[in-house]
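Worksheet: the structure to be examined is printed underneath.
The values are calculated or read from the model by the stated rules, or taken from the named source; none is laboratory data. Computed from a prediction, not measured in an experiment: that's the story for all the values here. So basically every Cβ, Gly included, is an ideal-geometry build from the backbone, and we count neighbours across all protein chains shown. Ligands, DNA and RNA are excluded from the accessible area calculation, which covers all protein heavy atoms including side chains. Shrake-Rupley method; radii C 1.70, N 1.55, O 1.52, S 1.80 Å.
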Amino acid sequence: MATTTLSDCSVVAAQPLPAGTWQPASPVPAMGNWQMVPRCTIEFKKCAGGFKLSCRCEDEVACGALQNLCRMLSQGLCSLCCCQNGLCLAQCNLTCGNCVCECTEDGCCITCTSGDAKCCEILQACCDCFAKCCESGCCCYVCFNNTPVCCATC
């Protein structure tokens, strides 16, 4: 896939070394547990009761991968994470709203809403925060059940 990125799931395992060589006191990272994550562009929009985020892929294969991941994982916790230079700047578990994922022609649309006025304010504040992070050059990861489904920029 030309439009994917690798995500390290950080599995640590001990690697055997030949006899007589130095061995560290703790296990060393083995070959990482890597996952291919489709790249896409993301757009945040406030709506009544919360916000919508649209993930769009240019590549047909990446779009199919995104849609399959969403179909398999979207019934659980939805979360967002914005990173800059590999460090997390903002992370939000969208537990105060109901998140619904729908496949679109070129990706997916996730709508997070709540009937509670205060929860709506929280969701819309998260929308503002993540939109500003992406506009400033951050990379946003959309996750379901703590599994990234896409790596996005604005």
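Observations, loosely collected:
- Heavy-atom accessible area order for 150, 133, largest first, 1.4 Å probe: 133, 150
- Distance between the 7 Å Cα→Cβ label points at residue 118 and residue 46: 2.0 nm.
- The Stokes-Einstein estimate for region 115-154, based on a Kirkwood radius over Cα pairs and taken at 10 °C with 1.306 mPa s viscosity, is a diffusion coefficient of 141 µm²/s.
- Exposure rank, largest accessible area first [60, 102, 43; 1.4 Å]: 60, 102, 43
- Whether region 69-154 is rounded, prolate or oblate, judged on the alpha carbon gyration tensor where a/c under 1.5 counts as rounded: oblate
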